[in-house]
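> Supplied in structure tokens, the structure appears directly below.
The values are calculated or read from the model by the stated rules, or taken from the named source; none is laboratory data. Model, not experiment: these values are computed from the prediction. Cβ sites come from the backbone with ideal geometry, for glycine too, and all protein chains shown count toward neighbours.
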Amino acid sequence: MKKAYIFRGSSSSGKTTITKKFLKQLPQKVVFLELDNFRYGFHVENRKALDVAEEEHFFAYKNFLLMLESYCQNGTYDLVIEGVTTWDTENPYGNMQDVLPLLKKYNYDYTLFLLMADRETLWQRNTKRNYVVSREDFDRLYDAVMNKVGGEEIKVDVSKMTLDETIAYIHSQIGLAKS
């Protein structure tokens, strides 16, 4: 059975750190689709985030969806997807209502994880990062993510566990023993 694991969360929730460690422990062939990589990895490589227009973020998101569908059509790989932010609000940072139909269309079994913590905990983490999101943008993104939670999402409180404990918890939710 083809599988997809989707990690969504607010800025500073640990999406990239957690998914990179998680995917290395999967036994099968895996493709990692990190939404920010479509934006900052090659689309806006030579500019700062604040210099990127919203339409450019939408363009990068469309490219992400095209790549996702290509891998779904291929069907050879399990997928780890990171960075889709909202449940159902159209925005340049992705929403589950675009992603889930593709996975269903190509018969992927998927597991959804919402990485979460209270706003102030994540804000404090944000202030210690190399790239600090402004308070206004941070609050907007936090509200967009937390505005609606899907009923099938597994909530992971990233403020209560270490990275290794978080990975072990995620593995327990999918029936995979931690290696």
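> Here are some conditions: (1) at pLDDT below 90; (2) on the phi < 0 side of the Ramachandran plot. Residue 166 meets all but one. Which one does it not meet?
The single condition residue 166 does not satisfy is (1).
> Would you point out which residue out of 142, 93 is in contact (Cβ under 8 Å) with a residue 12 or more places away in the chain, over 21 Å from residue 37 (Cβ atoms) and surrounded by 13 or more Cβ atoms within 10 Å (Cβ to Cβ)?
Result of the check over 142, 93: 142.
> Turning to a different aspect of this structure: I'd like to know if the stretch 151-170 contains one or more residues that are closer than 22 Å to residue 37 by Cβ and either among the basic types (Lys, Arg) or in contact with an Asp or Glu (Cβ under 6 Å, 6 or more places away or on another chain) (or both). Working first, answer last.
So the first thing to find is which residues in the stretch 151-170 are closer than 22 Å to residue 37 by Cβ, and the list is 156, 158, 163, 166-167, 170.
Of the ones still in play, those that are also either among the basic types (Lys, Arg) or in contact with an Asp or Glu (Cβ under 6 Å, 6 or more places away or on another chain) (or both) are none.
No, that holds for no residue.
> Next question, about the same structure. Would you say residue 77 is at pLDDT 85 or above, more than 21 Å from residue 115 (Cα to Cα), among the aromatic types (Phe, Trp, Tyr) and in contact with a Lys or Arg (Cβ under 8 Å, 6 or more places away or on another chain)?
yes
> Let me ask something else. Tell me, please, whether a residue that is assigned to a loop (DSSP other than H, G, I, E, B), within 19 Å of residue 138 (Cα to Cα), out of contact with any His (no Cβ under 9 Å at 6 or more places or on another chain) and not basic (Lys, Arg) can be found in the stretch 40-54.
Yes, some residue in the stretch 40-54 is assigned to a loop (DSSP other than H, G, I, E, B), within 19 Å of residue 138 (Cα to Cα), out of contact with any His (no Cβ under 9 Å at 6 or more places or on another chain) and not basic (Lys, Arg).
> Right, here's the next one. Please give the number of the condition residue 102 fails out of (1) of a type outside the set (Asp, Glu); (2) in contact (Cβ under 8 Å) with a residue 40 or more places away in the chain; (3) surrounded by 12 or more Cβ atoms within 10 Å (Cβ to Cβ).
Unmet for residue 102, out of (1) of a type outside the set (Asp, Glu); (2) in contact (Cβ under 8 Å) with a residue 40 or more places away in the chain; (3) surrounded by 12 or more Cβ atoms within 10 Å (Cβ to Cβ): (2).
> Scan the stretch 82-95 and tell me whether some residue there is out of contact with any Ser or Thr (no Cβ under 8 Å at 6 or more places or on another chain) and among the charged types (D, E, K, R).
Within the stretch 82-95 (the criterion being out of contact with any Ser or Thr (no Cβ under 8 Å at 6 or more places or on another chain) and among the charged types (D, E, K, R)), the answer is yes, since at least one residue qualifies.
> May I ask you to say which residue of 7, 64 is in a helix (DSSP H, G or I) and either at pLDDT 95 or above or surrounded by 17 or more Cβ atoms within 10 Å (Cβ to Cβ) (or both)?
On the way: 7 fails: in a helix (DSSP H, G or I).
Among 7, 64, only 64 is in a helix (DSSP H, G or I) and either at pLDDT 95 or above or surrounded by 17 or more Cβ atoms within 10 Å (Cβ to Cβ) (or both).
> State yes or no: is residue 140 of a type in the set (Lys, Arg) and over 23 Å from residue 53 (Cα atoms)?
no
> Taking the stated definitions as given, is residue 38 modelled with pLDDT of 95 or more and buried (at least 23 other Cβ atoms within 10 Å of the Cβ)?
no
> Could you go through the stretch 67-76 and let me know if any residue there is within 24 Å of residue 139 (Cβ to Cβ) and part of a loop (DSSP other than H, G, I, E, B).
Checked the stretch 67-76: no residue is within 24 Å of residue 139 (Cβ to Cβ) and part of a loop (DSSP other than H, G, I, E, B).
> Checking residue 122 against (1) in contact with a Lys or Arg (Cβ under 8 Å, 6 or more places away or on another chain); (2) surrounded by 11 or more Cβ atoms within 10 Å (Cβ to Cβ), which single condition isn't satisfied?
Looking at each condition in turn, residue 122 falls short on (1).
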